[in-house]
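The block underneath contains the structure these notes are about, expressed in structure tokens.
The values are calculated or read from the model by the stated rules, or taken from the named source; none is laboratory data. Bear in mind that the values here come from a model prediction, so they are computed numbers and not experimental data. Positions of Cβ are backbone-derived with ideal geometry, glycine not excepted, and every protein chain shown enters the neighbour counts. Accessible surface is based on the protein model in full, side chains and every heavy atom, while ligands, DNA and RNA are left aside. Shrake-Rupley method; radii C 1.70, N 1.55, O 1.52, S 1.80 Å.
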Amino acid sequence: MIEQQIEELRAELNACIEPAERREIETELEIVQAELIMMLGEQDGSIDAEPPF
């Protein structure tokens, strides 16, 4: 599901010509990619999502 969202955002970004809209899509894409990295890290144990306290 999250991979599909990334692909959709990439397609939108490739089709977008307006600078303000491109920045918005780029930001959203970065956020979703970071979420994927966190999710994968939690699954393989390389990232501990629990707060340190």
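Structural remarks
- The number of residues in the range 1-39 being open to solvent by 60 Å² or more (accessible area, probe 1.4 Å), more than 29 Å from Ala49 (Cβ to Cβ) and outside any helix (DSSP H, G or I) comes to 2.
- Hits in the range 40-53 - residues which are in a helix (DSSP H, G or I) and charged (D, E, K, R): Glu42, Asp44
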